[in-house]
Amino acid sequence: MLTVFNVSFSQLADLRIKYVDLEQSENLESHRTNGFRNTKSLVVRRGAPFKVSVQLEGQPFNPKINTLRVKIMLGFCLCNLYAVMPVTFSKSSSKSSWNAYIDPEEWNPLKPSIYIYSPASASVGSYRFQLCVLTQDGKKSSAYGNFILLCNPWCSEDTVYIPFEDQREEYIQSDFGLLFMGSGTNIVERPWSFDLYESGVLEACLNLLQVSPQHKKNRKMDYLNRNNPVYLSRVVSAMINSEDDRGVLKGNWTGDFKQGVSPSMWTGSGDILRKWNQSGNSPVKYGQCWVFAAVMCTVMRVLGIPCRVITNFNSAHDTDGNLVIEEYYSATGQKLNLTKDSIWNFHVWVECWMTRRDLESGMDGWQVLDPTPQQRSGGVYRCGPAPVKAIKNKRVDLFYDVPFVYASVNADIHTIILGQGQVLGFSKDTERVGSLICTKAVGFPRLQKITGDYKYIKRLFHVYSAGSSQGVLVFLTLDKSPIVGEPVSFSVKIMNKQNVAKMTVVAEDPLAQYEDVVGDNLINLAVVVEDTASQERVLSSEEFNITSPQLIIQVADEKSIKQHSKQTALVTFINPYSHPVSGVLTVAGAGLLQGKVQFRVDQPIPFMPNMVGEKMLQASLWLTNMNVTIRGFKMVSVNSV
């Protein structure tokens with residue numbers, strides 16, 4: 001029970017407030033904020049009433065001569081942002097303003113229950129309230145309390161309302177997920193703990209808003225604008241990276257992570273957000289796209305805005321805005337670094353669900369937001385919200401950053417072969433970019449394809465890489481997904497497009513030993529075919545990853561797991577390498593374990609679930625002699641006692 005004892009009164013009076021009960025259990029249940037039970041302040045959602053009970057002393061409350069009054073104050077600074085309302089005995093019909101009322105059927109003159117209603121347009125953040133009782137002769141007794149107000153996707157008047165319960169559970173309440181990485185032909189699923197309800201995470205998410213440049217520049221305006229998910233999402237998108245402000249993460253794509261933590265070593269958002277908050281808001285080292293996106297997903301879900309993590313395979317980074325990515329190769333198939341444009345084998349961003357009242361109709365729903373610092377939007381490193389519907393229909397005139405995201409999923413690739421300062425070959429690929437866009441499926445630990453949300457699919461995407469000239473067509477195909485410990489097998493097919501016999505020379509990038517090229521590293525395989533008569537060269541290439549082995553997690557009595565009951569798990573690793581390996585095993589699971597715990601492989605792992613529902617137990621084995629991390633996860637269903 002959250003009880004407020006901060007009581008003051010002008011002088012001893014017959015009628016005064018003894019304490020206020022914030023009715024934590026009932027409010028958390030009705031506002032679907034049960035996960036925030038251990039937070040110091042009560043956590044509720046806007047657009048719905050929450051209940052406080054007032055224990056009075058002295059004479060019973062008489063509504064004919066006594067008055068109850070509530071004052072709501074936003075933030076803890078002198079911004080003059082407050083609302084004062086009398087406590088009535090009838091529920092207000094207005095949903096556009098704060099109000100407070102007593103249900104006559106629950107009337108108790110010594111312990112009245114007051115319902116405080118916040119409008120669905122109220123600002124997100126920390127609030128303070130003052131509850132006063134006034135007597136007929138002007139004597140006053142007061143009590144104070146705090147609460148945190150979040151967006152409410154269950155409320156139809158809220159601009160983040162999402163109409164399906166299974167989606168609300170997935171995109172608001174779920175504290176785990178899967179990130180999809182690797183390549184479009186060899187997808188790797190990586191478990192991630194969003195840690196929504198872990199210690200210190202809510203506080204860090206709220207502090208992120210307080211530290212933002214918008215708040216520092218104009219606190220009052222920032223507080224007022226926090227009612228709008230468009231505004232909130234742009235603030236958060238900028239604050240996840242640290243390029244312009246005291247943001248959460250420092251990006252690093254050099255491969256040298258000695259001054260911090262390799263992006264591949266993170267397993268959840270909680271450690272990152274806590275470290276940032278506890279360090280006085282110094283950027284945490286280091287992040288790459290999937291880390292930026294996953295941390296932003298945590299922040300948005302905590303604030304009450306539906307959010308999911310998206311992977312775009314073969315994602316274009318078009319620096320000059322011409323919707324063309326140039327790739328240069330030598331005559332022998334070596335990739336040349338001659339342009340600032342690039343194709344990432346995958347890129348990860350988030351989508352948030354919201355109403356776009358700032359745009360024309362038809363642009364509501366999922367919006368792209370990208371916290372990875374790529375280019376500036378409004379002078380700041382951030383991206384979005386860009387309506388997915390606008391991206392699909394090439395509405396590059398709409399806010400925010402639609403042209404940049406459109407290029408990420410639609411740019412053409414021009415492949416140019418150079419030799420002795422001359423262009424030896426040229427080909428154009430209009431299908432490779434954005435070939436697969438996906439997210440985690442609702443309610444299931446598997447991939448869901450959403451490519452059709454972003455683009456009109458006229459034909460099936462090829463599973464091979466092709467190069468073409470006037471006379472020759474070259475296909476490069478991986479025979480199967482490369483797996484560590486097995487040979488990489490591929491096929492090259494050459495088609496003659498003319499009725500003239502041709503002699504060709506094939507030069508291919510030799511595949512040596514790639515046993516240790518696992519994890520996030522890629523192999524670029526290229527084949528160049530030369531028409532000896534015309535000396536025209538045609539290239540086909542494929543970037544691919546080698547799938548790492550997975551850890552096997554077994555849970556004892558997995559069908560009868562109870563909250564607050566001791567359980568045991570076992571992690572097994574089968575070594576596919578031709579040499580011995582050694583490493584450190586780390587196990588984590590929001591709602592299952594407190595923080596991360598290190599164990600030996602094949603050692604029993606004790607855990608005690610503290611939350612009911614579907615949870616994810618994940619393990620990672622860092623192979624110290626290879627600098628590679630092996631992962632695995634197990635879904636665990638926790639029942640109430």
| said: Can you pull out every residue in segment 345-376 that is crowded, with 19+ Cβ neighbours inside 10 Å, in a strand (DSSP E or B) and free of Cβ contacts under 8 Å to residues at least 60 places away in the same chain? | reply: Val350, Val368
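Conditions (1) assigned by the TED database to the domain that holds Ile305; (2) touching a Phe, Trp or Tyr at 6+ places or on another chain (Cβ under 9 Å); (3) of a type in the set (Gly, Ala, Ser), marked per residue:
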residue: Asp137; (1), (2), (3): no, no, no
residue: Ser141; (1), (2), (3): no, yes, yes
residue: Gly145; (1), (2), (3): no, yes, yes
residue: Cys155; (1), (2), (3): no, yes, no
residue: Thr159; (1), (2), (3): no, no, no
residue: Glu170; (1), (2), (3): yes, no, no
| said: Filter segment 481-523 down to the residues that are at pLDDT 70 or above, closer than 22 Å to Val538 by Cβ, not polar (S, T, N, Q) and not in a loop (DSSP other than H, G, I, E, B) and list them by number. | reply: Phe490, Val492, Lys493, Ile494, Met495, Ile523
| message | Of the conditions (1) within 16 Å of the chain's Cα centre (by Cα); (2) surrounded by fewer than 21 Cβ atoms within 10 Å (Cβ to Cβ); (3) not polar (S, T, N, Q), Lys216 satisfies every one except a single condition; which number is it? | response | (1)
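Are there any helices (runs of 4 or more DSSP H) wholly within segment 206-283 with 2 or more residues that are within 15 Å of Tyr381 (Cβ to Cβ), and if so which?
Hits in segment 206-283: 213-217, 229-240.
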| Options Tyr406, Tyr400: the member that is open to solvent by 20 Å² or more (accessible area, probe 1.4 Å), touching a helix residue (DSSP H, G or I) at 6+ places or on another chain (Cβ under 8 Å), assigned to a helix (DSSP H, G or I) and not aliphatic (A, V, I, L, M) | Tyr406
| Restricting segment 560-588 to residues that are more than 23 Å from Ile187 (Cβ to Cβ) and of a type in the set (Ser, Thr, Tyr), the residue that is surrounded by the most Cβ atoms within 10 Å (Cβ to Cβ) | Thr586
| message | Just the residues that are among the acidic types (Asp, Glu), more than 15 Å from Thr319 (Cα to Cα) and under 20 Å from the mean Cα position of the chain (by Cα), please, taken from segment 357-410. | response | Asp364, Asp370
| message | Condition (residue is modelled with pLDDT of 80 or more, within 37 Å of the chain's Cα centre (by Cα), assigned by the TED database to the domain that holds Tyr171 and among the acidic types (Asp, Glu)) applied to segment 444-460: is it met by at least one residue? | response | no
| task | Considering only residues that are in a strand (DSSP E or B) and polar (S, T, N, Q), look in segment 425-453 and name the one that is least open to solvent (accessible area, probe 1.4 Å). | result | Thr439
| message | Looking at the structure I just gave you, is Glu157 charged (D, E, K, R) and in contact with a Leu (Cβ under 7 Å, 6 or more places away or on another chain)? | response | no
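Filter segment 461-480 down to residues that are open to solvent by less than 50 Å² (accessible area, probe 1.4 Å) and at pLDDT 75 or above and give me whichever is farthest from the chain's Cα centre (by Cα).
From segment 461-480, those open to solvent by less than 50 Å² (accessible area, probe 1.4 Å) are 465-469, 471-478; that's our starting set.
Add one more test, that the residue is at pLDDT 75 or above, and what stays is 473-478.
On the way: Leu473: 41, Val474: 40, Phe475: 37, Leu476: 35, Thr477: 34, Leu478: 32 Å.
Filtering segment 461-480 for residues that are open to solvent by less than 50 Å² (accessible area, probe 1.4 Å) and at pLDDT 75 or above, the one farthest from the chain's Cα centre (by Cα) comes out as Leu473.
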| query | Out of the residues in segment 57-96 that are of a type in the set (Gly, Ala, Ser) and within 26 Å of Asn207 (Cα to Cα), which is surrounded by the most Cβ atoms within 10 Å (Cβ to Cβ)? | reply | Gly75
| said: Condition (residue is modelled with pLDDT of 85 or more, open to solvent by 30 Å² or more (accessible area, probe 1.4 Å) and in a helix (DSSP H, G or I)) applied to segment 542-559: is it met by at least one residue? | reply: yes
| Which condition number does Ser262 fail, the rest of (1) closer than 20 Å to Glu198 by Cα; (2) of a type in the set (Gly, Ala, Ser); (3) modelled with pLDDT under 95 being met? | (1)
| field | Contacts under 9 angstrom Cβ, first residue in segment 404-417 being on the phi > 0 side of the Ramachandran plot and not assigned by the TED database to the domain that holds Gly378, partner open to solvent by 10 Å² or more (accessible area, probe 1.4 Å) and in a helix (DSSP H, G or I), 6 or more apart | value | none
| Looking at segment 25-52, which of its residues are closer than 17 Å to Arg128 by Cα and at pLDDT below 95? | Thr39, Lys40, Ser41
| request: Name every residue in segment 600-621 that is surrounded by fewer than 18 Cβ atoms within 10 Å (Cβ to Cβ) and either more than 21 Å from Ser560 (Cα to Cα) or free of Cβ contacts under 8 Å to residues at least 12 places away in the same chain (or both), in order of residue number. | output: Arg600, Val601, Asp602, Gln603
| Test set (1) closer than 16 Å to Leu551 by Cα; (2) within 24 Å of the chain's Cα centre (by Cα); (3) not in a strand (DSSP E or B) - Val581 fails condition number | (2)
| query | So how many residues does segment 169-200 have that are part of a strand (DSSP E or B) and not small (Gly, Ala, Ser)? | reply | 12
| Looking at (1) surrounded by fewer than 20 Cβ atoms within 10 Å (Cβ to Cβ); (2) in contact (Cβ under 8 Å) with a residue 60 or more places away in the chain; (3) part of a strand (DSSP E or B), can you tell me which one Glu203 breaks? | (3)
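The values are calculated or read from the model by the stated rules, or taken from the named source; none is laboratory data. The model shown is predicted, which means the values in this text are computed figures rather than measured ones. Counting neighbours? That spans all protein chains shown, and the Cβs are built from the backbone with ideal geometry, glycine included. Areas reflect the complete protein model, heavy atoms only, side chains present, ligands, DNA and RNA absent. Shrake-Rupley method; radii C 1.70, N 1.55, O 1.52, S 1.80 Å.
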